[in-house]
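The block underneath contains the structure these notes are about, expressed in structure tokens.
The values are calculated or read from the model by the stated rules, or taken from the named source; none is laboratory data. Bear in mind the structure is a predicted one, so any value in this text is a computation, not a measurement. Ideal geometry is used to build each Cβ from the backbone, glycine not excepted, and the neighbour counts take in all protein chains shown.
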Amino acid sequence: MKITVCATAYNGYGIFLQRFIKNAQAQTYPAHEIIIVLGHNHGLKEIPDGVKFIYHNEPATIGFLKNLAIDEATGDYIFFFAADDVLLENALQEISEVDADIIALRYKLENKMCVTPEIVAEKLPQWRKHYAGACGYIAFKKGIRCDDTNYPNYALLFQAYKKGWTFGKTKEAGAIYIQRPGGRGQKTENHAKGYKEIEKYLRQYGLIA
């Protein structure tokens with residue numbers, strides 16, 4: 001399995017990229033390639049070697065930025081990671097041992113092992129209730145694309161459910177999710193936006209009236 005590791009950096013996220021790149025290059029299962037999309041106001045001051053950078057200086061949705069990386073990726077699987085969290089050295093090894101169309105990477109949070117709750121296809125109500133505060137560490141087969149939205153994983157996972165794509169999750173944690181005040185793990189106005197986006201896709205795929 002060839003795994004392309006991707007990240008997006010926008011609105012100042014570039015300050016985390018040195019750590020992300022170092023961790024991606026130190027994997028026990030080597031990455032096929034590393035692609036980073038530098039979006040609007042990314043904040044990266046030095047360009048490291050050994051990484052493919054894609055530049056898009058105009059404001060854009062996260063889904064649009066992710067598709068730029070998808071279009072350039074040559075791996076069998078594409079793995080998007082949040083540049084501001086910590087990728088453990090066993091992450092790609094764990095992913096490589098799962099046979100599925102979409103693979104969720106377990107992560108560590110307050111000494112607990114977790115997995116993105118929306119990855120369990122038969123628990124759709126929990127997607128709606130919990131997803132906005134969950135990490136989106138997901139690897140998926142080449143050929144799958146994101147919607148042009150700031151919530152691309154919502155559309156991706158509902159599309160996968162509708163099309164019957166297989167889901168899997170790793171046995172061990174391969175990342176550390178870092179909770180910061182006002183971040184994805186906190187209750188912010190982004191939660192309300194996320195819930196509305198989830199409802200949109202529930203209706204689009206005929207799961208609620």
Review point. So which of Leu87, Leu124, Leu105 is hydrophobic (A, V, I, L, M, F, W, C), in contact with a Ser or Thr (Cβ under 6 Å, 6 or more places away or on another chain) and at pLDDT below 95?
Key: Leu105
Review point. Is there a residue being modelled with pLDDT under 85 and more than 25 Å from Gln27 (Cβ to Cβ) anywhere in segment 108-118?
Key: yes
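Let's see how each residue does on (1) closer than 24 Å to Tyr107 by Cα; (2) touching a residue at least 40 places away in the same chain (Cβ under 8 Å):
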| site | (1), (2) |
| --- | --- |
| Gln18 | yes, no |
| Thr28 | yes, yes |
| Asp49 | no, no |
| Glu58 | no, no |
| Gly75 | yes, yes |
| Ala82 | yes, yes |
| Leu88 | yes, yes |
Review point. How about segment 78-99: which of its residues are touching a Phe, Trp or Tyr at 6+ places or on another chain (Cβ under 6 Å) and of a type in the set (Gly, Ala, Ser)?
Key: Ala83, Ser96
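A quick yes/no check of all residues on (1) surrounded by fewer than 21 Cβ atoms within 10 Å (Cβ to Cβ); (2) touching a strand residue (DSSP E or B) at 6+ places or on another chain (Cβ under 6 Å):
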| site | (1), (2) |
| --- | --- |
| Ile15 | yes, no |
| Gln18 | yes, no |
| Ile21 | yes, no |
| Leu65 | no, yes |
| Gly75 | yes, yes |
| Ala83 | no, yes |
| Leu88 | yes, yes |
Review point. Before we move on, is Lys196 at pLDDT 60 or above, of a type in the set (Lys, Arg), surrounded by fewer than 12 Cβ atoms within 10 Å (Cβ to Cβ) and within 20 Å of the chain's Cα centre (by Cα)?
Key: yes
